[in-house]
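Since the structure comes first, as structure tokens, the remarks are kept for the end.
The values are calculated or read from the model by the stated rules, or taken from the named source; none is laboratory data. Note that the structure is a prediction, hence the values are computed from the model and not measured. Cβ coordinates were reconstructed from backbone atoms using ideal geometry, including for glycine residues, and neighbour counts include every protein chain displayed.
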């Protein structure tokens, strides 16, 4: 699961993307309309994704985010005395108990752009039924779908022979049609 928050002139959106083992992507995005800090927005995004994973009955989860603070606080490596953040830390820890295996991993912001791109795609598709999440199919191709390769010309001349002959002659050969 990838999660992130994005702020711009239109407000703040929190985003999460669940990626299944088969490669299906399930994005979700929510607009925040209450007072927040960047850290609160990051926690809201993480909780949004965790709740979606719980609802989908996922048992094992890798949580990836660019919030160094959130990741280290949830793992118990860093503590906080901020009374606004403490309930968020506890909420993430409680949701984490719903999984057989859960791991939190920090990635640099540049590597978390994937969550932003997929969540933006999800915003383009609006559904009346809010209980349905349509997966987005993402494929990476390592080779061309089609390639035309000729090992050797049948007449022994290079592929550009006819073009070169046409340019030298300054016109089409006799008997050639406009096709």
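If I filter the stretch 106-119 for residues that are in a loop (DSSP other than H, G, I, E, B) and either modelled with pLDDT of 65 or more or touching a helix residue (DSSP H, G or I) at 6+ places or on another chain (Cβ under 7 Å) (or both), do I get at least one hit?
So in the stretch 106-119, the residues in a loop (DSSP other than H, G, I, E, B) come out as 107-108.
Going one step further and asking which of them are either modelled with pLDDT of 65 or more or touching a helix residue (DSSP H, G or I) at 6+ places or on another chain (Cβ under 7 Å) (or both), we end up with 107-108.
Checking the stretch 106-119: at least one residue is in a loop (DSSP other than H, G, I, E, B) and either modelled with pLDDT of 65 or more or touching a helix residue (DSSP H, G or I) at 6+ places or on another chain (Cβ under 7 Å) (or both).
Can you name every residue in the stretch 30-57 that is surrounded by fewer than 16 Cβ atoms within 10 Å (Cβ to Cβ), closer than 23 Å to residue 108 by Cα and either free of Cβ contacts under 8 Å to residues at least 40 places away in the same chain or within 16 Å of the chain's Cα centre (by Cα) (or both)?
Narrowing the stretch 30-57 to residues surrounded by fewer than 16 Cβ atoms within 10 Å (Cβ to Cβ): 30-31, 33-35, 37-38, 51, 54-57.
If we keep only those that are closer than 23 Å to residue 108 by Cα too, we end up with 30, 37-38.
Within the stretch 30-57, 30, 38 qualify.
Would you mind stating whether residue 16 is in contact (Cβ under 8 Å) with a residue 60 or more places away in the chain, surrounded by 11 or more Cβ atoms within 10 Å (Cβ to Cβ) and closer than 17 Å to residue 95 by Cβ? Reasoning before the result, please.
Numbers: in contact (Cβ under 8 Å) with a residue 60 or more places away in the chain: yes; surrounded by 11 or more Cβ atoms within 10 Å (Cβ to Cβ): yes; closer than 17 Å to residue 95 by Cβ: yes.
Here the answer is yes, as residue 16 does meet what is asked.
Might you let me know whether the stretch 58-69 holds any residue that is touching a residue at least 40 places away in the same chain (Cβ under 8 Å), surrounded by fewer than 15 Cβ atoms within 10 Å (Cβ to Cβ) and within 15 Å of residue 2 (Cβ to Cβ)?
For the stretch 58-69, residues touching a residue at least 40 places away in the same chain (Cβ under 8 Å), surrounded by fewer than 15 Cβ atoms within 10 Å (Cβ to Cβ) and within 15 Å of residue 2 (Cβ to Cβ): present.
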